[in-house]
Structure formats: C-alpha cells, structure tokens
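Below is one structure; the comments refer to it alone.
Only the coordinates and a few stated rules stand behind these numbers; no lab work does. The model shown is predicted, which means the values in this text are computed figures rather than measured ones. Quick reminder, even Gly has a Cβ in these numbers, built from the backbone with ideal geometry, and neighbours come from all protein chains shown.
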Amino acid sequence: MSAPSGTGPGRVLVAVYGIFALAATSRAAVQIATRFAEAPLAYALSAFAGVVYIVLTVALARNARRLAVAACLVELAGVLVVGTLSLADPAAFPHATVWSGYGSGYLFVPLVLPVVGLLWLLRGVRRS
C-alpha cells in the first residue's frame, strides 16, 4: 500500500493547493461581487479554478486519489485551454484569470502544479 498523499512531500502539495484554493476563490469572489460586468468570462473561470483547487486540496488531504487525479487532469486541461485562448484572443480576456498565459501571473505555478500533482499521485499507484 502506498503512503497517503497528505503525508511527507504530499503535505507540501496539499499546502500549495490550499493556498491556491484560498487565493483563487477569494480573488474571484471579490471580482464577481464588485466588477463582474467588466470581465465575466475571466472572473467565472477564476472561480472555477478556485473550485478545482478546493477539490484538489480536500482530495489530496483525504487520500482520494482517483478524485485527485481527475481534478489534476481538469486543472491541466484548464491551464492549457485558457492559457492558449488568452494568448490567441486577448480581447476575450480583458482581465487575467489564474490560468491566463499558462499561469504567468502566478510564476507559471498553475502550469507546473498539476504535472507535479499527477507525478506524485501516479508514483503511489506504480508502487502498489
């Protein structure tokens, strides 16, 4: 049996996802409450990213590997799709989302994080 994802280095992953969950959700909530009409797509996508980060934090902390893998795949797809669209059609994203420019506003952590998460989660599967 593999070690729980919320132990050892997995704790760092849980902590980083927790920080992103709090940051993305809080930022999106303020933006939606105060300026939604300015960039509804960007703010809705930021809120969606926040929900994905919350799901990942909880799934990793509770060792719900299947849910965590699925959420990491959704996150990676979101970063790649939103990142590409935000660069291809900047007018559609007048304000940045967490995933705009592949997470460039967050030092590309949103691009690297799901890859690290998947490697961590799948490492445990290979061992068992």
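Details
- Members of region 83-100 that are within 19 Å of Thr25 (Cα to Cα) and among the small types (Gly, Ala, Ser): Gly83, Ala96, Ser100
- Filtered residues of region 15-29 (kept if farther than 13 Å from Phe48 by Cβ and surrounded by fewer than 18 Cβ atoms within 10 Å (Cβ to Cβ)): Ala15, Gly18, Ile19, Leu22, Ala23, Ser26
- Per the listing Arg62, Arg66, the residue uniquely surrounded by fewer than 17 Cβ atoms within 10 Å (Cβ to Cβ) and touching a Gly at 6+ places or on another chain (Cβ under 8 Å) is Arg62.
- Just one residue in the set Val81, Val69 is in a helix (DSSP H, G or I) and closer than 21 Å to Arg123 by Cβ; that residue is Val69.
- Just one of the listed residues (Leu107, Leu80, Leu119, Leu113) is in contact with an Asp or Glu (Cβ under 8 Å, 6 or more places away or on another chain) and hydrophobic (A, V, I, L, M, F, W, C), and it is Leu113.
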